[in-house]
1. If each of Leu260 and Leu237 carries a label point 7 Å out from its Cα toward its Cβ, how far apart are those two points in nm?
2. Could you give the DSSP H helices of the chain that reach 27 angstrom or more along their long axis (alpha carbon positions) and whose average Kyte-Doolittle hydropathy is no lower than 1.6?
3. Select from the stretch 18-117 those trypsin sites (Lys or Arg not before Pro) which occupy a DSSP coil region and have at most 14 other Cβ atoms within 10 Å, ordered by residue number.
4. Non-local amide H neighbours of Lys299 (under 5 Å, H modeled in plane, Pro and chain starts lacking H): which ones?
5. Val159: net charge of surrounding residues, Cβ under 14 Å, Lys/Arg +1, Asp/Glu -1, itself excluded?
6. Assign one of three labels to the stretch 254-348, namely rounded, prolate or oblate, based on the Cα gyration tensor with a ≥ b ≥ c the square roots of its eigenvalues; rounded applies when a/c is under 1.5, prolate when it is not and a/b is larger than b/c, and oblate otherwise.
7. Mind checking the per residue accessible area of the chain for me, 1.4 Å probe, whole number of Å²?
8. Please compute the net charge surrounding Arg170, taking Lys and Arg as +1 and Asp and Glu as -1 over other residues with Cβ under 11 Å from its Cβ.
Amino acid sequence: MFDLIMKDILGTPAILVGLFALIGLLLQKKGIADVVSGTLKTVMGFIILGAGATVIVGALDVFGKMFEKAFHIRGIIPNNEAIVALAQNSFGAETAMIMLIGMIVNILLARFTKFKYIFLTGHHTLFMACLLAAVLSTSGLSGFGLVIVGSIILGALMVLLPALLQPTVREITGSDDIAVGHFGSIGYFAAAKIGKLTGNKSKSTEEVKVPKSLGFLRDSSVALALTMAIMFFVVALAAGPSFIEKELSGGTNFLVFSLLQAITFAGGVFIILAGVRMLIAEIVPAFKGVADKVVPNAKPALDCPIVFPFAPNAVIIGFLSSFVAGLISMLLLPLFGLSIIVPGLVPHFFTGAAAGVFGNATGGRRGSMIGAFVNGLIISFLPALLLPVLGSLGFKGTTFGDSDFGVVGILIGYIIKLFS
C-alpha cells in the first residue's frame with residue numbers, strides 16, 4: 001500500500017495533478033459530468049505533455065550519441081533520473097517519507113502563510129527529496145530526525161521558489177492564475193534579472209520581423225525543425241555516416257535519419273504545447289475549489305513547459321543559447337580545477353527554453369539570449385561544484401542537472417562542513 005501511494009500515485013505527476021483537479025471540482029460541487037470531464041482532461045493534458053517530452057528526449061538522446069562520437073568528449077552528464085535511481089538503494093525509505101511529509105508541509109505553509117503555492121510537479125518533488133536525504137545523511141542525521149528536517153526544507157522550497165518567480169510569471173502569462181513549480185528556479189530568476197539589465201522588453205522575441213520570402217519561419221514549429229536540422233546535419237557530418245548507419249539508424253541514410261530526428265524533435269515540442277494548453281484550460285478552473293475551500297487564493301505551481309506557449313520563439317532562442325553556454329563551459333571548467341560537465345541536452349532544452357521565456361519577459365530578444373546563456377553557465381558550473389558533496393556518498397559519475405539542486409546541495413553541504 002505504501003508503494004502504491006508513494007510511487008504509483010504521488011510519484012506520478014499526471015495522477016497527482018488529476019487528484020487535485022478532482023478534489024477542486026468536488027469542493028465546488030460540480031455535476032458528475034463536469035467532474036469526470038475536468039479530471040480526465042487534466043490528466044490527459046499532463047500525459048500529452050509527458051508524451052511530447054518523451055519524443056524530445058528520444059531525439060536528444062540520438063543527438064547526444066552523435067555529438068559524443070563526433071567530438072570524442074568524455075565527462076559527466078548530469079541526469080536527475082540516473083542519480084535518483086542510484087540513491088534509492090541507500091535512501092529509498094527516507095526519500096519517500098521526505099516527499100510525503102514535505103507535500104503536507106507545502107499545503108500547511110500555503111494555508112497559513114502568504115505564500116499560496118501548491119507545488120504539483122511530482123517528479124521534481126521526488127528528486128529534491130532524494131537530494132535532501134542523501135546530503136543530510138552526511139551530517140550524521142538519520143531516521144526520524146533526517147526525515148523531519150528534510151521535509152521542512154522541501155516544503156519551504158515548494159512555496160518559496162514559485163513565489164520568487166511569480167512577478168515574472170505574471171509578466172509572461174498576463175495573469176496571476178498559475179505559477180512555475182520546477183527546481184530550475186534559480187536559473188530562471190537569474191535569466192529574468194540579467195534580461196532586465198541587458199535587454200529591452202519592448203523588443204520581444206515574438207515580434208521578430210521576417211521577410212515575406214521567409215514567411216514560413218513565422219511558424220515556430222517549422223523554424224524549430226529547420227534549426228534542429230542544421231544542428232543534426234553538422235554533428236552527423238562530423239560523426240560520419242558509418243557510425244550513424246551502423247549504430248543508430250538501422251541502415252537508413254545518415255542525412256535522412258538526421259532530418260527525421262530534427263522533425264521528430266520539433267513534433268515533440270508541438271505535442272508539449274498542445275498538452276500545456278489543455279492542462280491550463282482544465283487545471284485553473286478546477287483548482288479554484290482547492291483555493292476557495294482548503295487554501296484560499298492558492299495557485300497551482302506547474303512544470304516549466306507551462307510557460308512555453310507564451311513565447312515560442314524564446315523557447316528556441318533559450319535552448320540554443322543555454323546549449324552554447326554549456327559547450328563553452330566544457331572549456332572553462334578545467335581551468336577552475338573542476339570536472340568536465342558534458343552539456344545534457346535535456347536540461348539545456350527544458351531549463352534553457354524556460355530561461356529564454358523569462359529573459360524575454362524582462363529584456364526582449366537580447367534578454368532572452370543573454371538570460372538563457374547565463375542559465376547554461378549555471379547548470380554547467382553548479383553540477384561540477386555539487387560533485388564533491390555527492391562523491392563522498394559513492395555517486396561519482398553522475399550528478400543532478402537543474403540549478404536548484406546544485407544551490408540547495410552545495411549550501412547544505414557547506415553548512416554541514418562548517419559545523420562538523
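The values are calculated or read from the model by the stated rules, or taken from the named source; none is laboratory data. Every value quoted in this text rests on a predicted model; they were computed, and no experiment measured them. Heads up, the Cβs are rebuilt from the backbone with ideal geometry, glycines too, and the neighbour counts pull from every protein chain shown. Keep in mind that these areas ignore ligands, DNA and RNA; they rest on the heavy atoms of the full protein, side chains included. Shrake-Rupley method; radii C 1.70, N 1.55, O 1.52, S 1.80 Å.
1. Result for the modelled spin labels: 2.2 nm.
2. Helices passing the filter in the chain: 143-173, 220-239, 312-332.
3. Details: sites: Lys29, Lys30, Lys41, Lys65, Lys69, Arg74, Arg111, Lys114, Lys116; in loops: Lys29, Lys30, Arg74, Lys114, Lys116.
When the trypsin sites (Lys or Arg not before Pro) of the stretch 18-117 are filtered for loop state and at most 14 Cβ neighbours within 10 Å, Lys29, Arg74, Lys114 remain.
4. Close amide H contacts, sequence-distant or interchain: Tyr117, Ile118.
5. +3
6. It comes out oblate by the Cα gyration axes.
7. Heavy-atom SASA per residue in the chain reads 42 Å².
8. -2
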